[in-house]
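These notes are about the structure you will find just below.
The values are calculated or read from the model by the stated rules, or taken from the named source; none is laboratory data. All values derive from a computational prediction rather than experimental measurement. Every residue, glycine among them, receives a Cβ derived from its backbone with ideal geometry; neighbour counts consider all protein chains shown.
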Amino acid sequence: MSTIPITCNNCGAALDIGQGVRFTTCAFCKSRLEIKRTASAVYSEVLESVARQTEHISENVDRLMLQNELERLDREWMMQRKNFMVRGKQGTHRAPGRSGAVAVGLFGVVGGVAWMVFALVIGAGFFACFGLLFIGFAIFMAVYSSRKVKQYEMAQREFDRKRAQLVRRIDESSSA
């Protein structure tokens, strides 16, 4: 059986291997070697190095998958967040706040009471009923706005929790 002279990729020792051999162990440094063949050369590669590279690539792929998951979560939150936004006076959108819900309720109740007082003062008792409708609508809108604020806050907390968990996992994969 003919042999091929090669050198150990780890320590440089001269080795003779058989024609069909794919793996061998260096007699000098005990490194496990894979024999690579091309059209013009035969050489050795340390298997532990290949395993380390494969593990490194796998860690990078895992980290990239986590980063993609984080980006997906951010995009989904931005779309979900739009559903909670309230429109301001100039058409701008902002997150709902408790102060806005309270202001709607107070403004409506005060406006309704003022309407009722004005209607009674001018002697239009029937029109005072519209003040009650105004108050009722204001209370309804205040409750609706408060629920929207609560839903937004719960969704924000859930997003923050998931995001923090993903960031922690990315940090752990980076330091490993």
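Of all the residues that make up the range 89-142, how many are touching a residue at least 40 places away in the same chain (Cβ under 8 Å) and either outside any helix (DSSP H, G or I) or of a type in the set (Val, Ile, Thr) (or both)?
Residues flagged as touching a residue at least 40 places away in the same chain (Cβ under 8 Å) and either outside any helix (DSSP H, G or I) or of a type in the set (Val, Ile, Thr) (or both) within the range 89-142 amount to 5.
Which one of Arg37, Arg52, Arg75 is out of contact with any Leu (no Cβ under 6 Å at 6 or more places or on another chain), under 30 Å from Tyr144 (Cβ atoms) and surrounded by fewer than 12 Cβ atoms within 10 Å (Cβ to Cβ)? Quick ask: steps written out before the conclusion?
Working: Arg37 fails: under 30 Å from Tyr144 (Cβ atoms); Arg52 fails: under 30 Å from Tyr144 (Cβ atoms).
When all the criteria are applied, what remains is Arg75.
Taking into account only those residues within the range 6-35 that are free of Cβ contacts under 8 Å to residues at least 12 places away in the same chain and within 22 Å of Arg52 (Cβ to Cβ), which is farthest from the chain's Cα centre (by Cα)?
From the range 6-35, those free of Cβ contacts under 8 Å to residues at least 12 places away in the same chain are 12, 14, 20, 25, 30; that's our starting set.
Now narrow it down to the ones that are within 22 Å of Arg52 (Cβ to Cβ): 12, 25, 30.
Values: Gly12: 48, Thr25: 46, Lys30: 46 Å.
Once the filter is applied, the top-ranked residue is Gly12.
From the list Met116, Met78, which one is touching a helix residue (DSSP H, G or I) at 6+ places or on another chain (Cβ under 6 Å) and modelled with pLDDT of 80 or more?
Answer to the selection: Met116.
Only one of these conditions is not met by Phe134: (1) surrounded by 11 or more Cβ atoms within 10 Å (Cβ to Cβ); (2) closer than 30 Å to Asn10 by Cα. Which number is it?
The one condition Phe134 does not meet is (2).
Among the listed residues Glu45, Glu59, Glu69, which satisfies the condition of being touching a residue at least 12 places away in the same chain (Cβ under 8 Å) and touching a Ser or Thr at 6+ places or on another chain (Cβ under 9 Å)?
Glu59 is the lone residue from the list that is touching a residue at least 12 places away in the same chain (Cβ under 8 Å) and touching a Ser or Thr at 6+ places or on another chain (Cβ under 9 Å).
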